[in-house]
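What follows is a set of notes on a single structure, which appears directly below.
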Amino acid sequence: MNAIKVIEEGYKKEIPPFRIGDTVSVSMKIKEGEKERVQTFTGIVIGRKGSGTRESFMVRKISYGIGVEKIFPIHSPLIENIKVVKQGVVRRAKLYYLRDKKGKAAKVKEKTFLRK
Amino acid sequence: MKGILGKKLGMTQIFMEDGRLVGVTVIEAGPVRVLQKKEKDKDGYETLQMGFDKIRKGKNVTKPMQGHFKKTSSPMFRFLKEIGMEGFNAGDDIRVDIFSRGEKISVTGTSKGKGFQGVMKRHNYKGGPGSHGSMFNRAPGSIGQSSYPSRVWKNKALPGHMGDERITTKNLKIVDIRDEQNLMLVEGAVPGANGGYLIIRSEAPVAVKEN
């Protein structure tokens, strides 16, 4: 069991602290044929799942009027950077209710003072 | 053929260079001590007998076995198996580095015991409806015809003991070799429970008929 923990530990990355409801900007390496470029996906974190190397988080954004959700494995080597753009105030762990809301109602209250 | 003995430690997931997350089995493979070299003239076939998993005290090891270990002045081992491999002599140590990343291997182990099981779990029979007055729930059904053959055919799939048998899984891919820790990471699952002993070979052995 211990050897397995050591292996998993080796794949863990330094992750900036972010919470559910925060708006994050995720830079991800994308391979197009031979070329590699970085794509950013900015949206609200609507959930975090799992623990250890298996942990993943879900980001939702509205793109040209259509809701788009992306699930990222937190420790994936393809993720270059996770930047917290805004901190939100929410009272639940999964923000699935945002899927049924439109326009202003689909917003998360922003934190007015910064979290330590 | 090359081979080594090992122990299944468990499974986990790792990231590949291209970002794929793959499920892997972690195997503690070797180091293994060659205890005896079986020779064609003497034994009629050529293999290497290897020992894996050292016994520290060994008060329950029989005297004849103790003598066998003493011959190569090696420690005592729990798991001894022969592998038809060349290039090593009695007393040598074999480590995981005989294998490399990306290689295909076959792994032999003892599957988890399932006890006495019915025909649905053991042979994938469909079974009958669960309700609506059906009395044919998980039963095997008819097991043969009448006057001919007047008996049940051989190898007829029926309930019985399932699991706890020797299973070889072929064409498993080595994802990583960690030489310093004697670890081997194999893509996918390997037979048996965690802690079970395994025989890892570059190819599955084929029975050869001698004429």
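Bear in mind that the values in this text are calculations on the coordinates, not laboratory data. The structure presented is a predicted model; accordingly, all values stated were derived computationally and were not measured. Cβ: placed from backbone, ideal geometry, glycine included. Neighbour counts: every protein chain shown.
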Determine whether the stretch B:106-127 contains at least one residue that is within 14 Å of another protein chain (Cβ to nearest Cβ), under 26 Å from B:Glu17 (Cα atoms) and not in a loop (DSSP other than H, G, I, E, B).
-> no
Qualifying positions in the stretch B:40-88 - β-branched (Val, Ile, Thr) and part of a strand (DSSP E or B) | B:Thr47, B:Ile55, B:Ile83
Within the stretch A:57-69, which residues are free of Cβ contacts under 8 Å to residues at least 40 places away in the same chain and either surrounded by 12 or more Cβ atoms within 10 Å (Cβ to Cβ) or charged (D, E, K, R) (or both)?
-> A:Phe57, A:Met58, A:Val59, A:Arg60, A:Lys61, A:Gly67, A:Val68, A:Glu69
Every residue from the stretch A:28-56 that is in contact with a strand residue (DSSP E or B) (Cβ under 7 Å, 6 or more places away or on another chain), exposed (fewer than 15 other Cβ atoms within 10 Å of the Cβ), of a type outside the set (D, E, K, R) and within 14 Å of another protein chain (Cβ to nearest Cβ) | A:Ile30, A:Val38, A:Gln39, A:Gly50
Might you check whether a residue that is hydrophobic (A, V, I, L, M, F, W, C), surrounded by 11 or more Cβ atoms within 10 Å (Cβ to Cβ), in contact with a helix residue (DSSP H, G or I) (Cβ under 9 Å, 6 or more places away or on another chain) and within 21 Å of B:Met50 (Cβ to Cβ) occurs anywhere in the stretch B:136-152?
-> no
Looking at the stretch B:193-201, is at least one residue without any contact (Cβ under 8 Å) to a residue 60 or more places away in the chain and loosely packed, with under 14 Cβ neighbours inside 10 Å?
-> no
Of the residues in the stretch B:18-34 that are more than 7 Å from chain A (Cβ to nearest Cβ) and free of Cβ contacts under 8 Å to residues at least 24 places away in the same chain, the one that is surrounded by the fewest Cβ atoms within 10 Å (Cβ to Cβ) is B:Asp18
Condition test on A:Glu34, is it under 23 Å from A:Tyr96 (Cβ atoms), acidic (Asp, Glu) and out of contact with any helix residue (DSSP H, G or I) (no Cβ under 6 Å at 6 or more places or on another chain)?
-> no
The stretch A:1-12 residues that are more than 7 Å from chain B (Cβ to nearest Cβ), paired with ones that are surrounded by 12 or more Cβ atoms within 10 Å (Cβ to Cβ) and of a type in the set (S, T, N, Q) (beta carbon under 8 Å, 6 or more apart) = A:Val6/B:Gln181; A:Lys12/A:Thr53
May I ask you to list the residues in the stretch B:8-17 that are facing another protein chain (nearest Cβ under 10 Å) and either surrounded by 22 or more Cβ atoms within 10 Å (Cβ to Cβ) or part of a strand (DSSP E or B) (or both)?
-> B:Leu9, B:Gly10, B:Met11, B:Thr12, B:Gln13, B:Ile14, B:Phe15
Unique residue being of a type in the set (Val, Ile, Thr) and not in a loop (DSSP other than H, G, I, E, B) when the list is B:Val186, B:Val208 = B:Val186
